[in-house]
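Single-structure report; data block below.
All of the numbers you see were taken from the coordinates with simple rules; none came from a lab. Please read all numbers here as calculations on a predicted model, not as lab measurements. Positions of Cβ are backbone-derived with ideal geometry, glycine not excepted, and every protein chain shown enters the neighbour counts.
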Amino acid sequence: MKSFYEIEDRPPLGTSLVLALQHMLAAFGAIIAVPLVVGGVLGLAESTMVSIVSAALLVSGIITIVQCLGLGPVGIRMPCVMGTSFTFVAVAIAIGQEHGLSGILGSALGGSLVMIIGSQFMVQVRKLFPPIVSGTVILMIGISLVPVGTDWFAGALPGSAEYGALSHLMIGLIVAVVVITLNRRGSGLF
């Protein structure tokens, strides 16, 4: 696949703004989706959900700035949006059901420390994870998210009167068709 621009190229301002908006919208959706999924499954109060989403956006912004500009030895100094990850959704839900929100936050803190230390040994650790292992992990993450995607496609919480209503299913189908069509037939940049 040929890239439109090389690393040192500067696209025109209009193109840069459109690409920046696209990148921001994609990142924004992903950043807020994880707290909404975890909080929704755990049945957290609306005020708590607002706080969690706000915290995710704030931390994402701060860490994105650190990654882009660098802070001492930290940061790749390239445009890279940092945000939440669906990788830990199933684990966060399991911990949250047993220990609540404080258990999730404590586990995230402990896991972060392990990752910071482990990042010093990535070259050695990478040999333990060939593509078949990485691919299997990514597949399992996707499979674990199928029930959430199904509920969102149906437009409401399972058990509610609106769950699976024809209007919700049609909106989901139209969105899926548009996304697949643009992905398969789109010209690339625009």
Within the stretch 20-31, residues touching a residue at least 40 places away in the same chain (Cβ under 8 Å) and surrounded by 13 or more Cβ atoms within 10 Å (Cβ to Cβ) come out as Ala27, Ala30, Ile31
State yes or no: is Val146 exposed (fewer than 10 other Cβ atoms within 10 Å of the Cβ), out of contact with any helix residue (DSSP H, G or I) (no Cβ under 6 Å at 6 or more places or on another chain), of a type in the set (A, V, I, L, M, F, W, C) and free of Cβ contacts under 8 Å to residues at least 60 places away in the same chain? yes
Selection count where residues are more than 30 Å from Val146 (Cα to Cα) and assigned to a helix (DSSP H, G or I), scope the stretch 54-72: 6
Within the stretch 59-89, how many residues turn out to be small (Gly, Ala, Ser), surrounded by fewer than 17 Cβ atoms within 10 Å (Cβ to Cβ) and within 20 Å of Leu36 (Cα to Cα)? 2
Could you check, for the stretch 168-187, whether at least one of its residues is in contact (Cβ under 8 Å) with a residue 24 or more places away in the chain and either surrounded by fewer than 11 Cβ atoms within 10 Å (Cβ to Cβ) or over 28 Å from Val41 (Cα atoms) (or both)? no
Output for the stretch 1-39, where each listed residue is part of a loop (DSSP other than H, G, I, E, B) and over 19 Å from Cys80 (Cβ atoms): Met1, Lys2, Pro12
Being more than 25 Å from Ile62 (Cβ to Cβ) and among the polar types (S, T, N, Q) is the filter; apply it to the stretch 1-19 and report the residue that is surrounded by the fewest Cβ atoms within 10 Å (Cβ to Cβ). Ser3
Inside the stretch 73-94, the number of residues satisfying the requirement of being out of contact with any helix residue (DSSP H, G or I) (no Cβ under 6 Å at 6 or more places or on another chain), part of a loop (DSSP other than H, G, I, E, B) and farther than 23 Å from Ile7 by Cα is 1
